[in-house]
Each structure stands twice: as structure tokens, then as C-alpha cells.
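Derivation of every value follows stated rules applied to the coordinates shown; laboratory data play no part. As the structure is a computational prediction, the values presented were derived from the model and not from experiment. Positions of Cβ are backbone-derived with ideal geometry, glycine not excepted, and every protein chain shown enters the neighbour counts.
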Amino acid sequence: MTHIYNSKTPFERAALDHVSLKISSGSFTSLIGHTGSGKSTLVQHINGLLRPSSGSISVGDFVIEPQKKKQDLKPLRARVGYVFQYPEHQLFEETAIKDVCFGPMNFGVSAAEATKRAEECLTLVGLPSLFWHRSPFDLSGGQMRRVAIAGVLAVHPEVIILDEPTAGLDPHGQKEIMELFHKLNKNSKLTIIMVTHNMGDAALYSDQILVMEAGQLKMSGAPEEIFSREQDLRNMGLDVPETMVFLDKLTDKLGLEKGRPVFTLSETADRVADLLNGGAAHV
Amino acid sequence: MFNLVIGQYVPMESRVHRLDPRSKLISVFLFVIIVFLANSWLANIVLLLFCYAGILESRISLPFIFRGLRSILVIILFTFFLNLFFSSGGRLLLSLGWIHIYQNALIQSVFIVIRILVIIVVTTLLTLTTSPMEITDGMENLLSPFKKIKLPVHEFALMMSISLRFIPTLLEETEKIIKAQAARGSDFTSGSLKNRMKAIVPLLVPLFVSAFKRAEDLAMAMEARGYHGDTGRTRLHKLVWNRRDTVMMMIMALLAAILILVRVSGCW
Ligand SMILES: Nc1ncnc2c1ncn2[C@@H]1O[C@H](COP(=O)(O)OP(=O)(O)OP(=O)(O)O)[C@@H](O)[C@H]1O
Ligand SMILES: [Mg+2]
């Protein structure tokens, strides 16, 4: 699939260049890449916000193609939720809770049911109930983000697209939100597609990682596979998770060989213990 | 989504781009006046040729400009038919029920369309080849005599440059908000009028909120960088009047002379 912005004007530019990929339902996929590499453009095709200039996208039994006349995308959007890069772009109601109800009610859920869902989802994203009846514009950036996420969860989608969901949250909040999506993915079998600049999050939570550069899909695979190609990543201006950086430094110091990539803190600790016990043989 | 050609700036290299904004502004101003001298075929052809030459010189592709004109096609057609149906004079060409079309009316309508067309092409060419910054600088410079009588020229120029600067930003923002709300199932492209009106609220509220926020941030950022109005302010880009600007003025004088000549001689 290819996407060209401002086609046939002096501002024409190809944001996506023959990208092909498959995302299986129930999986957690992370999309990484340098700023401007086309990540947001790519994911906006998944719920039909953008149409491809050529190629096609299928989601379940929906097919989005360039020429096809405008079809009703509402059912698709009820199934594919989208959390935007900057949440303040979508809040408008008088109170946070009303804003969360907006999505479900658009998709035909009754007011009572929507309110029930909104309360559930606001609890889920960890917004204290004293903020529920305040204006969304009086909230902090991080709180707005939580309201926005709740607003998308309340629709009960099967797929959720997250465009940098943790940007602007404090470290604790980042962890909380990531854990929430991890849980939703594991327990409720929600398909998650996340755009992120945080390599640690990508490594820790994903089944599949996609790497974009200049509108092209450069790599795809399991986190271990992707992050063992450290040099390629660095050439694209990307990093590897901190845990790996730390272990690399340590193995360097000890004059040992690099091991398999690890992402969690406890695995890292295990590895360090092994290394310090002179257990290079283990690697 | 927003294919706005009119009012957009296309950074490129061409003789028209390199002209001083003041000479371009004066030329456009003059042009808009002398256009009204043209009341003959010859004069109108001269105007069209002038526009065509301008477009060629600016290196902006003709189809791109045409696409911009498409957005005002309705206005042009409306004016054309209004004139065609409701003025008279000359031979009766066609008569359909209550509609009578006269020869003079037809010619006048064509002239009026050409007039609108050339004015729009020339002003579009100005904005396409001159950055908003340059336009306001030129404007401020040309209007600076009015500072003597205490007109806030600098403030007006600043206001204008800020609004010009933020048009694309606001459009982008609008597009983003439309997308964000569409993702939540709101839809203002279909459904009954009432539903569409209702769907506007979720678009306008965030748009206003972010516009106000932007204005506040901008004011703060300007003050933080020591902006204190006009007095004692120096410029990064000085306007330079070159030979080509004088040449441009000559061309305009020539054009005016030709149009006056054609009009007085009454040919065609
Ligand atoms: N609405 C638009 N009109 C024109 N060009 C656009 C538009 N949106 C994005 N682009 C261009 O397309 C390219 C890809 O943009 P995209 O937003 O997909 O990048 P990204 O990978 O999400 O970057 P980031 O990490 O900064 O969010 C960029 O070069 C950008 O300038
Ligand atoms: Mg992005």
C-alpha cells in the first residue's frame, strides 16, 4: 500500500511507499521508527481515516481501496478504536465523563449503558472519580490523555490503535497505562497496535515489532529478533532498550561476549548475576 | 482534505519569487485598477496574455493554478449567468420563455468573467510567490507614511502576519480533530442536517480551545523573547529594491498605457 499526501500539487510527498504487512488478531504489535517515518500515516489507514493512494487494507471483512466510493465506515470504526497522539484534540464536552460517553453513544449505545461503561473505563485508566465531573479542559495533560483513552475503550473495540499513548505521562503513569493495555491484550484478547518511541515498552509488551524508515517497512519480527540487529537499528537512528544497553556495557567491561537480548528487569538481574559469577559459559 | 491553492505560498526559485514584495504589491494593486479599463476584446486578450506570462515566469504549474480556480468556479458561473440573463442591448440572440439573451449581454458577461479570472489569478500569483512574511513586511513598509498620523500600521501588519501564518496550522488542526472525532463515530459528512449541525460542536470546541491556547502561548513566547512593539525594532530581512523591481514597474506602466490606448482608440 502506498500513501501520497497532497497528490498532484507542488507539496506532493509519498509518506508510505509500498508497505505490506499483516497483523494477527489478538496480537500486540509495536511500530517504531524515526520521527516522520510514516508511522501515524500507516495506522490511520487501519480504521479508514486515510485512504491508500494505491493498494488495499483489509480488516476482518472490511476492505478499503483507493477507488471505492465512500462506504459507511462507522461499523469499522466501532471495531477499531484509535487513541491519537495528542488527546486534547478530541475533548469537547462539559465534563470528562460526558466526553467518554460520546463514543459509545455515537455507535448507538443507550445513555445509561454509556454512562456505566464510562465509569468502568475511567476507573480502568486510573482517573480518580473526583475529576469525572470536571471540565476536561481543567485537567492536566496526563489526565486528559487518560480521559481520551477511556473514551476509546468505552466503545468496546476489538482492535485498539495507540499513537504514542504514554507521551506526556509521568513514569509511574506510563507504566500503569502500559500494564493496562498489556492486561487488555492478554485477558480480553484485544488486538493492540502501538506507535511508540519507547524501545523498552516495544520490547517488553509486543509479540511483533515493525520498524519503519522513510515510508518503508524495514524490518518486522519478534522483539528478540529485531533488537539483536542493533547495528541496523542504530543506522536508522533508533535505539535498543536500556536493559540491553546496560548489559552490553557490562559485558564490554568484563571482556565477555554479548548475549541474547533481554528486556525485563528481573531477567537482566539474572543475567548480571550470571555474568558476575563468571558464568560466561551460560550465554 | 483541504486543497487550498488560493492564499498558499509555494517556495520556489523564479524571477517572480525574487521580486521585492513592494513591487509585487504595487503591481497587483495597479493591476486590479487598470483591469477595469478593459472593455474590448483586444484589451481582454492583453490581460489574459499578461497573466499567462506571469504564471510562466513564476514556474508554477498551470494545472495547479487551475485547480485553485475550480474552487471559485461557482462564483464565476453565477456572475456569468446573472449578467447574461439580466442585462440587455444589441441583437437578441436567444429567447427561451422569460429568458432573453442579447449580444451585448453575452459579450459583457464574458468580459466580466475574464476580469474576475485575471484578478484572482494575479492575486493568487502574489500569494503563491511571496511568503506571508514578505507580504506583511512589504505592506508595512508601503503603509509606513500613515504612522505619522498615528495609525497603528505595525500592529496591523503583525496581526496580519500572525493570522496568515496560522491559517495552515488551523487547517491542519481542523483535519486532526475531524479525524479524532470520526474515529469516535462522529460524522458530519452524512446524515440529516440536524445531525450534521450537532456533529459540528465536537469539532468547534477543541478547535477554539486550541486556538486560544496557541494565542496565549504565542504572546508569552513573544514577550519572553523581548518583543515590545514597533519602536526601536530592527529587521532581519531588509527589503531591497532591485533593478528588476524597477523593470516590473515599467512593465506595469506599459500595460496601463496599452490599456488606456486601446480604450481611447476604441478599437474592437
Ligand atoms: N496531513 C499531512 N499532509 C501532508 N504531509 C503529511 C501529513 N501528515 C504527515 N505528513 C508527512 O508524512 C510523513 C510521515 O508523517 P507521520 O505523521 O506518519 O510520521 P510519524 O512516523 O508518525 O512521526 P512522529 O514519530 O513524529 O509522530 C512526514 O514526512 C510528514 O511530514
Ligand atoms: Mg506520529
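Quick notes on this one:
- Assigned charges on the beta-carbon of Lys, Arg, Asp, Glu; chain B dipole about Cα centre (debye): 120
- Helical mean residue ellipticity (222 nm; -39500 (n - 2.57) per DSSP H run of 4+; nearest 500) of chain B: -23500 deg cm²/dmol
- Selected from A:THR243, A:THR251, A:THR196 as most flexible by GNM, with chain A as the system and alpha-carbon contacts under 10 Å: A:THR251
- Listed values for the range A:42-54 are Karplus-derived 3J(HN,Hα) couplings in whole Hz (6.51 cos²θ - 1.76 cosθ + 1.60, θ = phi - 60°), namely 4, 5, 5, 6, 5, 10, x, 6, 10, 9, x, 6, 8, and x replaces Gly and Pro.
- Rounded to the nearest angstrom and listed largest first, the equivalent-ellipsoid semi-axes of chain B from its Cα gyration tensor are 38, 32, 16.
- Among the listed pairs A:LYS183/A:LYS258; A:LYS98/A:LYS183; A:LYS175/A:LYS253, those beyond 29 Å (Cα-Cα): A:LYS183/A:LYS258; A:LYS175/A:LYS253
- The alpha-carbon of B:LYS147 sits under 30 angstrom from the alpha-carbons of these lysines, leaving out residues fewer than 8 places away in its chain: B:LYS24, B:LYS238.
- Extending 7 Å from Cα along the Cβ direction at B:ILE260 and again at B:VAL247 yields two label points whose distance is 2.4 nm.
- In chain B, Cα pairs under 8 Å separated by at least six residues give a relative contact order of 30 percent.
- Phi to ³J(HN,Hα) by Karplus 6.51 cos²θ - 1.76 cosθ + 1.60 over the range B:140-150, Hz, x for Gly, Pro: 4, 4, 5, 8, 4, x, 5, 4, 4, 9, 6
- Using C-alpha pairs under 8 Å with a sequence gap of at least 6, the mean separation divided by the residue count of chain A gives a relative contact order of 22 percent.
- Candidate lysines - alpha carbon under 17 Å from A:LYS39, same-chain residues fewer than 8 apart omitted: A:LYS22, A:LYS218, B:LYS176, B:LYS179
- Rel. contact order, % - alpha carbon contacts under 8 angstrom, at least six apart, the range B:1-71: 60
- Within chain A, helix-based [θ] at 222 nm, where runs of 4 or more DSSP H residues each add -39,500 (n - 2.57), nearest 500: -11500 deg cm²/dmol
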